[in-house]
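The next block holds one structure in the form of structure tokens; read it before the comments.
The values are calculated or read from the model by the stated rules, or taken from the named source; none is laboratory data. For clarity, every value in this text was computed on a predicted model and none was experimentally measured. Cβ sites come from the backbone with ideal geometry, for glycine too, and all protein chains shown count toward neighbours. The accessibility values were calculated without ligands, DNA or RNA, using every heavy atom of the protein model including side chains. Shrake-Rupley method; radii C 1.70, N 1.55, O 1.52, S 1.80 Å.
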Amino acid sequence: MSGPLCPQCARPCASPRLLPCLHSLCEPCLRRLEPPEGPPGAARPVLCPVCDAELALPAGGLGQLPPDCLAGSRAGAAAGCDLCADGAAAGRCLTCGVRLCRFCCRAHRRQKKTASHAMTELENTKDCSPAGKPLLCPSHPTEELQLFCEQCDQPVCRDCVLGRHRQHPCDFASNVIHRHGDALRELLKSSQQHMDTLEDVLSQVDEMGGALRSRAEAVAAEICMFARGYVKAIEEHRNRLLKQLEDLKVQKENLLHLQKAQLQQLLLDMRTGVEFTEHLLTSGSDVEILVTKGVVSSRLTKLNSVAYSTHPSVDDRIQFSPHERAGQCCGYEVFGAILNKAVDPARCTLHGEDLHDARQNQLSGFTLLCKDTTGERMGRGGEAVRVTITHKDKRHCAIKPTVCDNGDGTYCISYIPEEPGLYAVCVCVKGQHVQGSPFTVMVKHKFREHQGVFHCCTFCSSGGQKAARCACGGTMPGGYQGCGHGHKGHPGCHHWSCCGQVKESSECLYVPPSDTSQRSLLRTVAL
């Protein structure tokens, strides 16, 4: 007969204990694993030698770890007969609590002293361990664990119920196993769903790795085709490009490998937890499930809460521009580059006539020119440009500008100010201010349209007095043109104002000199 083997030392272990990661170790390995004593109440983390998971031991130390009741059945170990030690155990005497082979079972029934004992097949019982013996209370070694304390969340024996669990709600294990088993099944179902998702993501990662390699090979082929037209200079330039491409591919592959390793480890942990829980629910007795359900629930809950991306961490987008200037190589100007230029906000500039001046309710704007770290124009769009325009005196007054990407490294910013005054303008690329930002814009009042009675009519109504004032309060600088009402005999009526505006009208506001009341009223309106 051979018992379960410890995964750490590969030796048979009679009483393995279960770690929070659902791996079991023998007691000697656990003692070597236990860290030195620390301050009272302090966490004592250890690393599982199987999966390298960081684990927190119970406050009571390794002795508080639950026993791994199903280690033997998972390892396929067959229990032997307690009487003859030759055959494999096939049954158990419920009175004596011993496991018996088929021959000893028949002998046990024939003997007068044990003929009345109740016998059961090992396959038909779940209230004992795979070794065929009932689970005994650690506090009362002669009593079986048949009850469950709801308050302490642990199996207990009859003496425990009469002792320190006297006031606690307790019930038989067979009565509560359905509720706790259903909770484990729900966690198991959730873990299985995560396993399916993880397998799909790993498949996508593998596919993306292949696509990345294929794309890199395609770009390498483009580079080689472009380089055939040159001799030594182009070959050297090609080697540079391939090295840069290889570095970029390795960088992305490293990110994919890191994500794959993390996902594989998470899947392995999930599979371990799922297989353990499935075996526990299908092969474990009620008491065994209740003994281990706490650590199993904790492990599955922790695994189910691990966040992971459902998409590959990088993509296969690698662009090669054969028309991009690549500088000099061996005295020759070469073309072709892998696009990896980065915009430098400190080198980006602002241009436009309306950069610092605008007028109320009129469309204004300026242009942003993006440059890279060498000061060269980017030549392509797609940058994150953010523009804010805020009134300096009225903080609640802000203008929402429109940013138009021209696709060539320039961006047109337009806006319509509704309030006059001084505004602060901030232009940022990738969260950083560009050259000259922030700056101020003075928004002036809009052109004022002339309202009221124009100067010509005021002049006519005043009887031809040149000192007559326009409705705007000014006087006409220069001559006049009459309205044909007999004064000076000028035909037509051009309503001039002192502010330089001309308004032609078919209706003249001339008031005859004899009508002093109307003339005074009109003069009052004009003033």
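When the range 126-144 is limited to residues that are closer than 12 Å to V287 by Cα and part of a loop (DSSP other than H, G, I, E, B), the one that is modelled with the highest pLDDT turns out to be C137. In the set (1) in contact with a helix residue (DSSP H, G or I) (Cβ under 8 Å, 6 or more places away or on another chain); (2) under 30 Å from E186 (Cβ atoms); (3) open to solvent by 60 Å² or more (accessible area, probe 1.4 Å), the condition left unmet by A307 is number (1). I'd like to know if the range 251-264 contains one or more residues that are open to solvent by 40 Å² or more (accessible area, probe 1.4 Å), at positive phi and either small (G, A, S) or free of Cβ contacts under 8 Å to residues at least 12 places away in the same chain (or both). No: the range 251-264 contains no residue that is open to solvent by 40 Å² or more (accessible area, probe 1.4 Å), at positive phi and either small (G, A, S) or free of Cβ contacts under 8 Å to residues at least 12 places away in the same chain (or both).
The sole residue among K400, K392 that is charged (D, E, K, R), more than 16 Å from L350 (Cβ to Cβ) and within 30 Å of the chain's Cα centre (by Cα) is K400.
When R347 is tested against the conditions (1) more than 25 Å from L248 (Cβ to Cβ); (2) in contact with a strand residue (DSSP E or B) (Cβ under 6 Å, 6 or more places away or on another chain), the lone failure is (1). What about S214, is it surrounded by fewer than 18 Cβ atoms within 10 Å (Cβ to Cβ), among the polar types (S, T, N, Q), at pLDDT 80 or above and more than 30 Å from L300 (Cα to Cα)? Criteria met by S214. Scanning the range 283-302 for residues that are open to solvent by 10 Å² or more (accessible area, probe 1.4 Å) and of a type outside the set (A, V, I, L, M, F, W, C) gives S283, D286, K293, G294, S297, S298, R299, T301, K302.
Yes or no, residue by residue, for (1) small (G, A, S); (2) under 30 Å from R17 (Cβ atoms); (3) at pLDDT below 80; (4) under 58 Å from the mean Cα position of the chain (by Cα):
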position	(1), (2), (3), (4)
R74	no, yes, yes, yes
L94	no, yes, yes, yes
G97	yes, yes, yes, yes
C104	no, no, no, no
H108	no, no, no, no
K113	no, no, no, no
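Hey, any hits in the range 186-205 for a residue that's among the hydroxyl-bearing types (S, T, Y), part of a helix (DSSP H, G or I) and either open to solvent by less than 20 Å² (accessible area, probe 1.4 Å) or not assigned by the TED database to the domain that holds T301 (or both)?
To start, the set of residues in the range 186-205 that are among the hydroxyl-bearing types (S, T, Y) comprises 190-191, 197, 203.
Right, trim to part of a helix (DSSP H, G or I) and you get 190-191, 197, 203.
Restricting the remaining residues to those that are either open to solvent by less than 20 Å² (accessible area, probe 1.4 Å) or not assigned by the TED database to the domain that holds T301 (or both) gives 191.
Checked the range 186-205: at least one residue is among the hydroxyl-bearing types (S, T, Y), part of a helix (DSSP H, G or I) and either open to solvent by less than 20 Å² (accessible area, probe 1.4 Å) or not assigned by the TED database to the domain that holds T301 (or both).
Looking across the range 312-323 at every residue that is in a strand (DSSP E or B) and in contact (Cβ under 8 Å) with a residue 40 or more places away in the chain, the one that is farthest from the chain's Cα centre (by Cα) is identified as P322. Inside the range 331-343, can you point out the residues that are within 27 Å of the chain's Cα centre (by Cα) and not aliphatic (A, V, I, L, M)? Listed by number, the residues that qualify are N340, K341. Yes or no: A326 in contact (Cβ under 8 Å) with a residue 40 or more places away in the chain, over 14 Å from R380 (Cβ atoms) and not in a loop (DSSP other than H, G, I, E, B)? Yes: the conditions hold for A326.
Filter the range 108-120 for residues that are free of Cβ contacts under 8 Å to residues at least 12 places away in the same chain and assigned to a helix (DSSP H, G or I); which is most open to solvent (accessible area, probe 1.4 Å)? Result: R110.
So, in the range 335-349, exactly how many residues are at pLDDT 90 or above and assigned to a strand (DSSP E or B)? So the count comes out to 1. The set of residues in the range 330-365 that are crowded, with 19+ Cβ neighbours inside 10 Å and touching a helix residue (DSSP H, G or I) at 6+ places or on another chain (Cβ under 8 Å) comprises V334, G336, A337, I338.
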